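Novice: Below you will find the structure I want to go over with you.
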Amino acid sequence: MLEATVMTKNPSLCLSKWGYCGTGSAYCDDGCQAGPCTGNGGGNGGSGSVGDIDSNTFACVFNTIDSTTRTDRFNGLKASGWKPQNKEEAAVFLAHVFHETDGLKTMREYCAPGCGSHYASSWCEIQGNPSKLYYGRGWFQLSWPCNYYRAGQALGVDLLNDPDKVENDRKLAVQTAVWFYNANNMAGPAQRGDFAATTRIINGQLECNHGSGYSSQLTRVATYKRVRQCFQLGEPSMNPVC
């Protein structure tokens with residue numbers, strides 16, 4: 001859709017209920033579908049804020065999903081209990097979320113369940129339930145039996161035997177992402193705006209140093225630069241490419 005494409009390039013625009021992009025009440029008030037909406041029942045993804053992430057900023061970041069889905073996702077974020085320490089961290093975290101979930105359109109890998117067998121093996125002492133599949137789910141696409149087990153232990157939920165909870169529970173979808181984020185010490189570089197360091201943690205083997213997923217990294221970086229605009233941050237002070 002051309003209008004939606006234009007909006008993703010300019011996060012200050014609203015997508016009106018009629019499907020056209022612009023600014024002002026005609027576009028951003030009631031019925032607004034995406035962008036910095038201001039009307040009742042519009043696309044602002046619910047009310048309230050999570051640290052530096054308010055509903056309008058959330059709508060600006062996740063501007064390719066409908067308002068009902070966005071409200072549900074934002075409520076999941078609020079329920080998770082996590083808050084960024086500054087705008088730099090918020091931008092880094094949400095940019096990775098956007099990339100991993102196609103803008104929060106999906107809570108599981110698009111290849112699922114067919115790709116589930118890829119994750120059957122385990123790289124730690126924990127073995128998965130042979131009747132379950134451990135493909136990517138949630139805001140950071142949690143995958144592999146070891147990660148499901150360890151995230152579940154940290155959150156007090158048996159995710160090894162019920163991995164679908166990560167996809168179906170909006171709070172757990174966020175909390176598992178936050179678990180991975182904290183377990184891998186991503187907060188420090190994120191708060192400094194070191195996007196490259198966080199990409200290296202998430203998928204460095206494939207995306208960094210011109211690996212086989214380098215083009216995916218460039219898409220990730222482009223998303224990060226757009227998300228920074230939603231937080232009124234300038235160009236990254238550190239090279240975002242790893």
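Novice: Would you tally the residues in the range 52-78 being assigned to a helix (DSSP H, G or I) and touching a residue at least 40 places away in the same chain (Cβ under 8 Å)?
Specialist: Of the residues in the range 52-78, 8 are assigned to a helix (DSSP H, G or I) and touching a residue at least 40 places away in the same chain (Cβ under 8 Å).
Novice: Would you pick out the residues in the range 104-163 that are polar (S, T, N, Q) and assigned to a loop (DSSP other than H, G, I, E, B)?
Specialist: If the condition is that a residue be polar (S, T, N, Q) and assigned to a loop (DSSP other than H, G, I, E, B), then 106, 121, 122, 127, 129, 131, 141, 143, 161 are the ones that fit.
Novice: Within the range 113-156, work out how many residues are among the hydrophobic types (A, V, I, L, M, F, W, C), within 30 Å of residue 90 (Cα to Cα) and buried (at least 20 other Cβ atoms within 10 Å of the Cβ).
Specialist: 5
Novice: Output the residues belonging to the range 77-99 that are surrounded by fewer than 21 Cβ atoms within 10 Å (Cβ to Cβ), of a type outside the set (Lys, Arg) and under 19 Å from residue 172 (Cβ atoms).
Specialist: Those that are surrounded by fewer than 21 Cβ atoms within 10 Å (Cβ to Cβ), of a type outside the set (Lys, Arg) and under 19 Å from residue 172 (Cβ atoms): 79, 80, 81, 82.
Novice: I would also like to ask the following. Only one of these conditions is not met by residue 110: (1) assigned by TED's automatic domain parsing to the domain that holds residue 24; (2) loosely packed, with under 14 Cβ neighbours inside 10 Å; (3) of a type outside the set (Asp, Glu). Which number is it?
Specialist: That leaves (1) as the condition not met.
Novice: Scan the range 181-198 and give yes if some residue there is touching a strand residue (DSSP E or B) at 6+ places or on another chain (Cβ under 9 Å) and in contact (Cβ under 8 Å) with a residue 24 or more places away in the chain, otherwise no.
Specialist: No; the residues of the range 181-198 include none that is touching a strand residue (DSSP E or B) at 6+ places or on another chain (Cβ under 9 Å) and in contact (Cβ under 8 Å) with a residue 24 or more places away in the chain.
Novice: All but one of (1) within 30 Å of residue 63 (Cβ to Cβ); (2) in a loop (DSSP other than H, G, I, E, B) hold for residue 89, so report the exception by its number.
Specialist: Result: residue 89 passes all but (2).
Novice: Pairs needed: first member in the range 111-124, at pLDDT 80 or above; second member anywhere, surrounded by 11 or more Cβ atoms within 10 Å (Cβ to Cβ); C-beta distance under 6 Å; at least 6 residues apart or different chains.
Specialist: Taking only residues 6 or more apart or on different chains, the pairs are 112/135; 113/133; 115/135; 119/134; 119/135; 119/143; 119/144; 124/146.
Novice: From 100, 109, which residue is over 12 Å from the mean Cα position of the chain (by Cα) and of a type in the set (Asp, Glu)?
Specialist: One residue alone meets the criteria, 109.
Novice: Return a yes/no flag: does the range 204-214 have any residue that is assigned to a helix (DSSP H, G or I) and farther than 18 Å from residue 142 by Cα.
Specialist: So far as the range 204-214 goes, yes, one or more of its residues are assigned to a helix (DSSP H, G or I) and farther than 18 Å from residue 142 by Cα.
Novice: Does residue 98 satisfy being in contact with a His (Cβ under 8 Å, 6 or more places away or on another chain), in contact (Cβ under 8 Å) with a residue 24 or more places away in the chain, within 28 Å of residue 218 (Cβ to Cβ) and not assigned by TED's automatic domain parsing to the domain that holds residue 74?
Specialist: No: the conditions fail for residue 98.
The values are calculated or read from the model by the stated rules, or taken from the named source; none is laboratory data. Keep in mind that this is a model prediction, so the values were computed, not measured. Here Cβ is always computed from backbone atoms with ideal geometry, including for glycine, and neighbour counts include all displayed protein chains.
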